[in-house]
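*Asks:* Let me give you the structure first, and then I'll get to my questions.
What follows draws every value from the coordinates through simple rules; no lab data is involved. Remember, it's a predicted structure, so these values are computed and weren't measured experimentally. Neighbour counts run over all protein chains shown; Cβ positions are idealised from the backbone, glycine included.
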Amino acid sequence: MLGLKHLNVLSNTLKSSQAFEKFLSSYKLQSATQSLCLQYFDNSKSLNVSSLAGMKSLDALSIWKCKHLEELKIGSAGDVEKIQETHAFHNGFY
């Protein structure tokens, strides 16, 4: 995907913390991603998503079937407000 010169919109599903780290190292992937799904992080007890705050095109974040996940790190209260303002995210479960 990194070889695509005109990548503008992307929905991505990542299934491991290694894939998530690799995704975070690519500005091109981050800037084109509108929807991100994190699935099956079976070996992860903690997940830090605060680095997603700068992704201006991110409209949706889903976290599914992470059966050992105990902690979700999203940063400080100021980071949460920044995320909500930038992305119009709302608290709630659906």
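*Asks:* For segment 12-17, take each phi angle, set θ = phi - 60°, evaluate the Karplus expression 6.51 cos²θ - 1.76 cosθ + 1.60, and give the result in whole Hz per residue in order, putting x for glycine and proline.
*Replies:* With coefficients 6.51, -1.76 and 1.60, one gets 9, 10, 10, 10, 6, 5 Hz.
*Asks:* Which far-off residues, 5 or more places away or on another chain, put their amide H under 5 Å from the one on T13, with H placed in the peptide plane?
*Replies:* Here the answer is C37, since their amide H atoms fall under 5 Å of that of T13.
*Asks:* In nanometres, what is the gap between the two model label sites at S16 and E71, each 7 Å from Cα along Cα-to-Cβ?
*Replies:* 2.4
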